[in-house]
Amino acid sequence: MALKKESQDFYKYFRFIIIPVVFVGFYLLAFMIDPNRPWSGFFKRDTTEILTEWIFVSIFCLLITEISLAIARTLDRRLPWVLYPLWRFLLQFSLQIIASIAFLYIYLHITLGAFGGEMKFSDLNAEGLRQSFVVSALLSVLISLIFTGNFFLQQWKAAMLETSNLNLKAAELKQIALESELQSLKMQLDPHFMFNNFSTLSALIAEDANAAQHFLENLSRVYRYMIINVHKNIISVEEEIRFAEAYFYLIKIRLGENIKMQLTLSDEVLKKGIPPITLQLLIENAIKHNTASRSKPLTININEDDQKNLVITNSLQRLNYNIPSTCTGLKNIESRYRLLSDKLPEVTETENLFVVKLPLMDI
């Protein structure tokens, strides 16, 4: 936005800058092309004569500036520098030369007809006329160079800004990935989590070997998923759901009918993308902050809305005592979305429900 405003300001005041430059350039070019002209007596003439000449030269500079800018802006729309650099250079250079010569020819005819009296175009000095055409063409090219130079300057600044933003986003993404990895490793090494799972596994081995085997498979699936996918930015909803089901299975073995999870997703949604370990964070958050009992089970629903967003809803039944919350899980999810998508998760809370709406991304 800043570059766009700067560009608009430049074009707004461009004429105030370029016309004096072209005016001075006109006389410099005229002096270099015809140094034999008696320039020493330029200011010895009558003041009215000098002012009249300056007025005609100023009008000439103004008109040739407008013609040159019109050509450049028309070609900006139809033949951009970025897409057709060689053709743009050749065509713009040719058009500038032809237009400046044609303009000078018409300008001289008009001024001679209006102020030249009986003088005709054929009466003009041939050498001086050729020099005037050269000056006109060079001025037109000078205007085009200034205009085009500003365009490339703006493009360079935009590229530098974009590169800076990309580097900043990469650093932020790396930081968030490290935070996610540390959070995942913390969960893997959490003594309570380990103790609960091993205690459950030990009890199942004594009671039901098949159930113990199934529990161990899901426990292995949970850890394998976190180790493999913790470094990824996006993973399919289908893979994330399989991980969430394995994670929920471990929880359900301990909590039994005190907790329930329902899934209703279309094949289209399953093929979309989502940041890894997002559902585990939301399930863990729901269990941490709500009561769950057989008479009032904690229910977690994972479905989709009409816009094909992933919607995670849990029944809101707060604990009787407060657990300090840093909202780390929700902040982590939002930070990753901020870098990966132009849409952010929406969190809403009613009297009975806690709802998180996750936008889905293409993989």
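A Stokes-Einstein calculation at 10 °C with viscosity 1.306 mPa s, built on the Kirkwood radius of the range 191-358 over Cα pairs, returns a diffusion coefficient of 94 µm²/s. Per-residue extension of 0.36 nm, minus the Cα-Cα distance of L344 and W156, leaves a gain of 64.6 nm for this segment. For the range 191-358, the residue among I235, A206, L270 whose Cα projects farthest onto the positive side of the dipole built from Cβ charges is A206.
On the accessible surface of the range 191-358, probed at 1.4 Å, how many percent belong to carbon and sulfur atoms? Walk me through the numbers before you get to the answer.
Values: 4660 of 9150 Å².
The C+S portion of the solvent-accessible surface of the range 191-358 is 51 percent.
Mind giving me the FRET efficiency for V82 and V141? R0 is 25 Å, r the Cβ-Cβ distance, nearest 0.05 is fine.
On the way: r = 21 Å, r/R0 = 0.85.
The formula returns an efficiency of 0.75 here.
For the pair A209 and D362 in one chain, pulling the backbone fully straight at 0.36 nm per residue adds 50.9 nm over the alpha carbon distance.
Per-residue accessible area (protein heavy atoms, 1.4 Å probe) orders M160, M361 as M160, M361, starting from the largest. The alpha carbon centroids of the range 156-172 and the range 72-106 are separated by 32 Å.
Computed from label points 7 Å out along Cα-Cβ, the spacing between T47 and E66 is 3.0 nm.
The values are calculated or read from the model by the stated rules, or taken from the named source; none is laboratory data. All values derive from a computational prediction rather than experimental measurement. With ideal geometry, Cβ positions are generated from the backbone for all residues, glycine too; neighbour counts draw on all protein chains shown. Protein only, heavy atoms only, side chains kept; ligands, DNA and RNA dropped before computing areas. Shrake-Rupley method; radii C 1.70, N 1.55, O 1.52, S 1.80 Å.
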